[in-house]
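The values are calculated or read from the model by the stated rules, or taken from the named source; none is laboratory data. Owing to the predicted nature of the structure, the values given are computational and were not obtained by experimental measurement. Reconstructed Cβ throughout: ideal geometry from the backbone, glycine too, with neighbour counts over all protein chains shown. Just so you know, the surface numbers come from the protein's heavy atoms only, side chains and all, with ligands and any DNA or RNA stripped out. Shrake-Rupley method; radii C 1.70, N 1.55, O 1.52, S 1.80 Å.
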Amino acid sequence: MVFTPLKGCKCTLCDLNIPTVKAISPFNPEADATTLKDAMKGFGCNNEEITKILGNRTANQRHDIEEAFKSLYGRDLIDELKSELGGNFERLVIALMHPWPQFCARVIKKACKGIGTDETGIVDILCTATNCEIKLIKEAYQEMDGDELEDDLKKELSGDFQNLIVAVCQAARHEDEPQNIERAKEDAQKLLEAGELVLGTDESVFTAVLVRNSYAQLKAVQAAYKEASEKSLEEAIETELSGYILYAAKTILGVANNKHEYFAKRINETMAGFGTDDKDLINLIVLRSEVDLGNIAKEYENLYGKTLSAAIEEETSGDYKKLLIDIIN
């Protein structure tokens, strides 16, 4: 699948995006393929050349390089990179080699494989995506090995969390819907009656409100809820929901309030405390690099008083660090 950058999408949500990885021009995929081949010759590997090429090309251009590499040398570029690289640098390079929809589909596929499910990875992608992004991911998922995304999610997830994620997969959010204060008050009342005002919680009401309303309307619902209750909607959700449906609900609200701030905080979480969650850091940086990482980097600096590059510099090392910084800058 060739990735159509979401900056070119006509929907208002995508058109505000500032990616950090952009197409270079002039572009010669055969020359890049040759440079990569030379970088992997002999003993050891010239990681600096690999960073220079792959950190400064779009997914479409990397795809063209991959095709040129096979036509020139009869070998698969991804296989060659896997055999030459290692550690987090390898993981980051391989993640970059997949166009955005395929990358998202692969993360979800891995999240559903093996013993246990990586629910956080599924939420990070699907509950932050626009309708057009979800449609691209579903198409890529089906093209990967013939499986339907929704079918696999139904097998791996359960209960109210499954219901919310399947609802998200319908890509049916009313994204262009303007604020309607009266309907926001009605939804706020429905949420109260599904949670605070009764014994137990009707999670389906929370799902319907969170998944179908535009982000502008969700802001209005939050304001209406605060007027009708002593709690904010986020505080109510903390009380009424639990587990991964709580994580998903908080993610949707965070994105509705400020998507770029949400991702800035999420990236910071991967580097907070002892050690770094490199898997999630790689996924988040690659996930947003051709979408809105420029916006996220600005929010990061506003929140934490230092650049995202400076934070990466402190928390990572070696060629892995250099490639992350190349992507961000």
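Of all residues in the stretch 163-214, which are farther than 21 Å from residue 259 by Cβ, open to solvent by 20 Å² or more (accessible area, probe 1.4 Å) and assigned to a loop (DSSP other than H, G, I, E, B)?
Matches in the stretch 163-214: 180, 196, 197, 198, 199, 200, 201, 202.
Does any residue of the stretch 71-94 turn out to be over 25 Å from residue 244 (Cα atoms), touching a residue at least 24 places away in the same chain (Cβ under 8 Å), touching a Pro at 6+ places or on another chain (Cβ under 6 Å) and not hydroxyl-bearing (Ser, Thr, Tyr)?
No, the stretch 71-94 contains no residue that is over 25 Å from residue 244 (Cα atoms), touching a residue at least 24 places away in the same chain (Cβ under 8 Å), touching a Pro at 6+ places or on another chain (Cβ under 6 Å) and not hydroxyl-bearing (Ser, Thr, Tyr).
Return the residue satisfying two criteria in turn: it lies in the stretch 241-288 and is open to solvent by 50 Å² or more (accessible area, probe 1.4 Å) and on the phi > 0 side of the Ramachandran plot, and of such residues it is modelled with the highest pLDDT.
Only one residue fits best here, namely 243.
I'd like the full set of residues that are in contact (Cβ under 8 Å) with a residue 40 or more places away in the chain and either surrounded by 14 or more Cβ atoms within 10 Å (Cβ to Cβ) or in contact with a Pro (Cβ under 6 Å, 6 or more places away or on another chain) (or both), limited to the stretch 142-152.
144, 149, 152, listed by residue number.
Name the pairs: first residue in the stretch 276-288 and within 15 Å of residue 314 (Cβ to Cβ), second residue assigned to a loop (DSSP other than H, G, I, E, B), Cβ to Cβ under 9 Å, at least 6 apart or on different chains?
276/316; 278/316; 281/316
Identify the single condition in (1) of a type outside the set (Ser, Thr, Tyr); (2) surrounded by 18 or more Cβ atoms within 10 Å (Cβ to Cβ); (3) at pLDDT 95 or above that residue 78 does not satisfy, given that it satisfies every other one.
(2)
Please go through the stretch 116-141 and give me each residue that is touching a residue at least 24 places away in the same chain (Cβ under 8 Å), over 18 Å from residue 259 (Cβ atoms) and not in a helix (DSSP H, G or I), ordered by number.
117
Note down all Cβ pairs under 9 Å where the first residue falls in the stretch 37-53 and is part of a helix (DSSP H, G or I), the second is loosely packed, with under 15 Cβ neighbours inside 10 Å, and they're at least six residues apart or on different chains.
Taking only residues 6 or more apart or on different chains, the pairs are 37/72; 37/73; 37/75; 39/48; 47/318; 49/38.
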